[in-house]
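Below: the structure, in structure tokens.
The values are calculated or read from the model by the stated rules, or taken from the named source; none is laboratory data. These figures come from a predicted structure and were not determined experimentally. Ideal geometry is used to build each Cβ from the backbone, glycine not excepted, and the neighbour counts take in all protein chains shown. Remember, those area values only see protein heavy atoms, side chains included, never the ligands or the DNA or RNA. Shrake-Rupley method; radii C 1.70, N 1.55, O 1.52, S 1.80 Å.
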Amino acid sequence: MGLMTSISGVRGIVGDTLTPEVVIRYSSAFAEYCHFGKIVVGWDARRTGQYINDLVVANLLACGIDVIELGIAPTPTIAIAVEQLHADGGIAITASHNPIEWNGLKFIGRSGLFLNAGENQALSAVLNRGNPRYAAWNEIGRHLADHSFIRQHLDMVLSLPYLRVNEIRKRGLKVAVDCINAAGGVIVPRILRDLGCDVVECNCDVSGVFSRVPEPVPENLTDFARSVRDEKADIGIVVDPDVDRLVLITEKGEPFGEEYTITAVVKFVLEEARRRGQNSQSVVVNLSTTLAVEDVARSYGAKLFRTPVGEINVASKMREIGAIIGGEGSGGVILPAVHYGRDAIVGIGLILQYLVDCQKTLSELRSQLPSYSIVKSKLGIEGVNLEDVFREIRHTYSDTHEVNTDDGLKIGFDHSWVHLRPSNTEPVVRIIAEAPTADEANDLLRKFRKHFPSA
């Protein structure tokens, strides 16, 4: 597989598609894109992260850039540092949930958000032009190491008006946590102990040696789920390597469901808003996020908005309309009261407070949320005219069903939907279906796969 570029940056296999030349080319272009201002840099603890970090920092200094180096840090912490320092940009060295042989660069704008489509085009223009500008010997950038932002990030979450820290501490929750030996190890156990939890650490050594496949989906978490049950923990917490996704395991050792992280958080935040008399709130999620969020928002009289998939799309819409909460169904929670970015640390604080408030087990809390089943598939489309296929589907359904073309093609039914999205990085179309039951969702998936000649 080649170098993957997306709205959040670039990633590839180290030594194959992600080489020192690629790292230098992209970081030089970002330096120019940031008008040679101040840039924050951090990495997610992967084995290859230290050398890529050093390469990025040295190259930025050579470009005349002032660099604030955070060391091992979650992506949301790096974004917060960009905001707090009024920096001109940030680079998070991470490949998110990709396997250990991967690494990459996520680019953060001066707003603390990932670059949007227009900003990415501007960066691409600089990249394609080439000819990076390097500074004279007496104009190289200044280097500052600053390891204070983990603590600042924690304090921002602990001081949220949604949290009643003393109540959480009194509850004395037992929490098992799996940080996959990546950046979560420097922050997740700390917030749990700050909240008075009895912490059972799994894979928190920050060695960058992943103990399992890093994507936090149920099939990769069977051993940890067993540990949660065996340890008699109240809750299991899993984060991905750069700590922007939060996945939960119940006290029974069962997946809470990554779609239900955002569902539960939305319910908690809207309940808090109602308690304060703050009604008529707005919530933003992407087009592929569960209908359960929609049901919850409706029950509180909140308006729900959907955007194309991608954190920047959700965050930009939230900022535009002043949404109180938002996120994505992959376990991504965005709370503007801290910053406009997915943040597992924010999610942890809100979930623990919700658990304390409702005085129920996590499995009981889950059973009270609206329940749907999501299934996902992908189809090779090499040689397929996707526009023709989409046109045929639109023609079939547009008169009788809700059709959305903001991001691929989404067809809405009474209590279900199908979302078809072409991949930006490989010749496939992703098909996601949701319905009240797995059988219904799989039926929808099969029905729409038949529209493709390769199915």
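In the chain, a dipole from Cβ-located charges (positive for Lys and Arg, negative for Asp and Glu) runs towards its positive end, and of N166, H97, V293 it is N166 whose Cα lies farthest in that direction. Surface composition of segment 182-253: carbon and sulfur atoms hold 44% of the protein heavy-atom accessible area at a 1.4 Å probe.
Solvent-accessible area of segment 40-129 (1.4 angstrom probe, protein heavy atoms only): carbon and sulfur portion equals 51 percent.
In this structure the amide hydrogen of I72, modeled in the peptide plane, comes within under 5 Å of the amide hydrogens of W43, none closer than 5 places in sequence on its chain. log₁₀ I(q)/I(0) of segment 220-314 at q = 0.14, 0.25 Å⁻¹, via Debye over equal Cα point scatterers, no solvent, to two decimals? Log10 I(q)/I(0), no solvent term: -0.63, -1.18.
The alpha carbon centroids of segment 62-78 and segment 124-200 are separated by 12 Å.
Note on the chain: Rg/Rh from Cα positions, Kirkwood definition for Rh, rounded to two decimals, is 0.96.
Each peptide in 4-17, 155-168, 35-48, 70-83 gets a packing score, the mean of other Cβ atoms within 10 Å over its residues, and the list from highest to lowest is 70-83, 35-48, 4-17, 155-168.
Could you compute the net charge surrounding L365? Neighbours are other residues with a C-beta less than 13 Å from the C-beta of L365; K and R count +1, D and E count -1. Show your work: numbers first, answer last.
Working: positive: K252, K267, K360, R366; negative: D234, E251, E254, E271, D357, E364.
Summing Lys and Arg as +1 and Asp and Glu as -1 gives -2.
Rounded to the nearest 20 debye, the dipole size of segment 117-211 about its Cα centre is 200 debye, using +1 on the Cβ of Lys and Arg and -1 on the Cβ of Asp and Glu.
In straight-distance terms, cross-link reach from K447 covers every one of the lysines whose alpha-carbon lies under 20 Å from its own, apart from those fewer than eight places away in the same chain; here that gives K376, K378, K410. Solvent-accessible area assigned to carbon and sulfur over segment 378-455 amounts to 43 percent, based on a 1.4 Å probe. Couplings 3J(HN,Hα) of segment 259-270, computed from phi: 5, 8, 4, 5, 4, 5, 5, 4, 4, 4, 5, 5 Hz, in residue order, whole Hz [Karplus 6.51 cos²θ - 1.76 cosθ + 1.60, θ = phi - 60°; x for Gly and Pro]. Rolling a 1.4 Å probe over the protein heavy atoms gives the chain an accessible area of 40 Å² per residue.
Among DSSP beta bridges lying fully in the chain, give the percent that are antiparallel, nearest 5. Each step should come with its number before you reach the end.
Values: 43 of 74 bridges.
If we restrict to bridges inside the chain, about 60 percent are antiparallel.
Using θ = phi - 60° in the Karplus curve 6.51 cos²θ - 1.76 cosθ + 1.60, the 3J(HN,Hα) couplings for segment 427-433 round to x, 9, 10, 8, 10, 10, 10 Hz; x is entered for Gly and Pro. Listed values for segment 371-387 are Karplus-derived 3J(HN,Hα) couplings in whole Hz (6.51 cos²θ - 1.76 cosθ + 1.60, θ = phi - 60°), namely 10, 9, 10, 10, 10, 10, 8, 9, 10, x, 10, 4, x, 9, 7, 4, 4, and x replaces Gly and Pro. Here, segment 94-231 is characterised by an Rg to Rh ratio of 1.07, where Rg is the alpha-carbon radius of gyration and Rh the Kirkwood radius.
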